[in-house]
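What follows draws every value from the coordinates through simple rules; no lab data is involved. Model, not experiment: these values are computed from the prediction. Cβ: placed from backbone, ideal geometry, glycine included. Neighbour counts: every protein chain shown.
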Amino acid sequence: MSGEAVAFYVLAAITLASGVVVVTSPNLVHSAVALVPALLGVTGIYILLNAEFLAGIQVLIYAGGITVLILFVIMLTDGGTGLRVPQRNEQGPIGAALAAATAGLLIAVATRTPWAQGAGTLPSYTPGAIGQSFLGPNVLVFEGTSVLLLVTLVGAILIARKEE
Amino acid sequence: MPWYVELARAVVGTIIIFSAVAIVAAMLGVLLERKISAWIQSRIGPTHTGPRGLLQTVADTIKLLQKEYIVPQNADAVIFASAVVVVPLAALLDYVVLPFGTTRWGPLIFRDLNIGVLYFAATSSLIVVGILMAGWGSNNKYALLGGLRSAAQMVSYEIPIGLVLVTISMLAGSLSTVTIVHAQSRLWFIVSQPVSFVIFFIAATAEVNRAPFDLVEAESELVAGYFSEYTGMRFALFQLGEYGEMFAMAALAVTLFFGGWQGPGLPSVVWFLIKLYALVFVFMWVRWTYPRFRIDQLLRFSWKVLIPVALLNLVVTAYFVIVRG
């Protein structure tokens with residue numbers, strides 16, 4: 001087994017194990033903290049794919065930003081702080097069945113797709129190309145995402161100022 | 001390079017970075033802090049241990065090693081213990097992309113990543129997670145308040161730092177720290193980007209939770225903030241993380257604005273250390289001179305002053321970069 005394969009399996013194991021903790025832990029803060037190794041495992045896989053810029057953004061936005069936001073929200077609300085909150089309700093079996101079906105579908109797709117071997121070589125420095133792509137062929141998607149985030153921001157401010 | 005060589009290199013690098021940061025940043029940093037604060041307040045500071053009190057922090061470290069680990073009742077033991085690892089680890093990871101000097105074989109840097117400054121921003125943002133874990137896991141209201149204040153503060157001040165990093169990498173045409181240093185061989189960026197430097201310095205002071213932005217661990221309100229409940233070596237590791245992060249921020253400022261290791265005559269590493277310690281001195285000078293902000297003033301300052309100014313600076317710089325070609 002090559003070093004790359006070893007690294008991949010180790011990273012995948014870290015991501016999956018932390019993912020299981022996120023879903024099953026009865027303590028909300030534990031779930032949120034377990035997100036960090038899960039996201040860092042994904043970051044490692046990005047690095048294996050030579051997508052360093054994406055990896056940096058993943059750590060900055062997800063591990064450093066989104067997780068902190070989630071922790072912040074949990075600690076500021078009543079239910080989260082230290083209480084044991086059951087993460088399952090009576091719909092557990094249905095959810096499990098759906099998850100199993102989705103997993104089966106994904107595995108089937110992943111194993112049956114004839115994955116194309118990449119032609120050509122990767123550029124050594126990707127941020128410029130990513131920027132060109134955002135403002136060139138994918139400008140509509142990029143602007144759409146920006147508008148969505150702006151609407152979310154305005155909505156959040158509106159909700160927060162409701163008491164006045 | 002085979003992967004086990006890479007792995008061995010990573011392990012050796014970690015040990016070197018950890019020991020260097022522990023000795024140069026944490027031990028010497030604490031001693032400098034005490035000496036400089038004493039000088040500013042017309043005292044003499046530690047004098048008894050070693051010549052002129054030089055061994056004071058060594059003695060303190062040995063003392064802390066012998067202390068008992070206390071886990072508070074009803075604390076979340078897992079989170080409480082793992083927070084200790086997250087904070088210093090995130091600070092140490094910063095050092096991977098900092099160039100300390102140059103040799104015949106190339107720049108003296110652990111790894112010249114092509115996303116250097118982005119990597120720095122990403123790893124230093126992980127410290128907040130550790131601080132929140134420590135604050136919440138201690139099951140102590142002062143610690144929790146300190147942790148929450150820290151999260152609000154660091155998330156707000158990461159944005160101006162990010163904007164400054166974008167401005168500087170735009171000028172240098174690269175995110176790599178080594179290329180940014182090379183781009184300053186004729187003119188340091190402090191000359192062409194003074195506004196960026198002021199924004200960076202203010203935001204970095206806030207990011208490392210030092211006065212006048214130290215209400216995360218404001219002694220008079222919150223005991224020691226998020227690490228109030230930690231004892232012995234765990235306490236020392238938080239101190240290590242804090243001083244490690246401060247030195248890393250100072251080193252990044254040297255790299256971004258003061259031409260990194262470049263300078264006439266002296267060896268490059270010496271130049272780097274001179275600039276680094278000069279900036280660390282300014283950090284300490286500010287800490288012992290200015291009173292503390294209130295949390296609302298602090299957040300308002302970031303969102304209503306620093307971020308708009310940084311954005312404007314970014315746009316103006318972009319304009320000049322485009323016009324110049």
Review point. Using the Kyte-Doolittle scale, which helices in chain B average at least 1.0 and also have C-alpha atoms spread 30 Å or more along the helix axis, with helices defined as whole DSSP H runs?
Key: B:141-172, B:232-257
Review point. Is there a simple number for the mean count of other chain Cβ atoms within 10 Å of the Cβ of residues in B:109-115, and what is it?
Key: 3
Study note, to complete from the structure: Compactness summary of the range B:52-101: radius of gyration and Dmax from Cα atoms, Å, are 16.1, 48
Review point. With a 10 Å Cβ neighbour count serving as the proxy for reagent exposure, in which order, fewest first, do B:285, A:115 appear?
Key: A:115, B:285
Check your understanding: Is the shape of the range B:73-153 rounded, prolate or oblate, going by the alpha carbon gyration tensor and its root eigenvalues a ≥ b ≥ c, with a/c under 1.5 for rounded and a/b larger than b/c for prolate?
Key -> prolate
Review point. Rg and Dmax of chain B, Cα atoms, in Å?
Key: 19.9, 64
Check your understanding: Based on DSSP H assignment, which helices of chain A show an axial Cα extent of at least 18 Å together with a mean Kyte-Doolittle hydropathy greater than or equal to -1.0?
Key -> A:3-24, A:28-48, A:92-112, A:139-160
**Study point:** Relative packing of peptides B:277-283, B:10-16 - highest average C-beta neighbours within 10 Å first
**Key:** B:277-283, B:10-16
Review point. Hey, what did the range B:10-66 get for relative contact order, percent, Cα under 8 Å, at least 6 apart?
Key: 23
**Study point:** Radius of gyration and maximum dimension Dmax of the range B:31-73, Cα, Å
**Key:** 13.7, 42
Check your understanding: Taking only the alpha-carbon positions of the protein assembly as shown and ignoring solvent, what does the Debye formula give for the base-10 log of I(q)/I(0) at q = 0.06, 0.10, 0.11, 0.12 Å⁻¹?
Key -> -0.30, -0.86, -1.06, -1.27
Exercise for review: Among the lysines, select those whose C-alpha is under 22 Å from the C-alpha of residue B:35, and discard any that sit fewer than 8 residues away in the same chain.
Suggested key: B:63, B:275
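Across all directions of projection, what mean area in square nanometres is found for the Cα convex hull of the range B:221-266?
Working: hull surface 20.6 nm².
Dividing the Cα hull surface by four gives the mean projection, 5.2 nm².
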Review point. Out of A:24, B:254, B:80, whose Cα points farthest toward the positive end of the dipole of the protein assembly as shown (charges: +1 Lys, Arg; -1 Asp, Glu; placed on Cβ)?
Key: B:254
Practice item. Report the relative contact order of the range A:7-109, percent, no decimals, based on alpha-carbon pairs under 8 angstrom and at least 6 residues apart. Key: 28
Point to revise | If the convex hull is drawn through the Cα atoms of the range A:1-78, its volume per residue in Å³ | key: 63
Check your understanding: For the range B:208-314, what ratio Rg/Rh do Cα atoms give with a Kirkwood hydrodynamic radius?
Key -> 1.05
Review point. For A:57-64, what's the mean count of beta carbons from other chains sitting within 10 Å of each residue's beta carbon?
Key: 6
Point to revise | Rel. contact order, % - alpha carbon contacts under 8 angstrom, at least six apart, chain B | key: 24
Study note, to complete from the structure: Cα gyration tensor of the range B:1-151 diagonalised, 5x eigenvalues square-rooted, in angstrom largest first, produces semi-axes 30, 26, 16
Point to revise | Sites residue B:231 and residue A:17, calculated FRET efficiency, Cβ-Cβ separation with R0 51 Å, nearest 0.05 | key: 0.95
Practice item. Calculate, in whole percent, how much of the Cα-Cα pair population of the range B:158-271 lies beyond 26 Å. Key: 32
**Study point:** Burial ranking of peptide ranges B:64-74, B:157-167, B:132-142, B:183-193 (average Cβ count within 10 Å, highest at the top)
**Key:** B:132-142, B:157-167, B:183-193, B:64-74
Review point. Which whole-percent values make up P(r) of chain A when all C-alpha to C-alpha distances are grouped in 5 Å steps starting at zero?
Key: 1, 7, 9, 12, 16, 17, 16, 11, 6, 3, 1, 0, 0
Exercise for review: Give me a single rounded figure for B:145-151: the average over its residues of other chain Cβ atoms within 10 Å of their Cβ.
Suggested key: 2
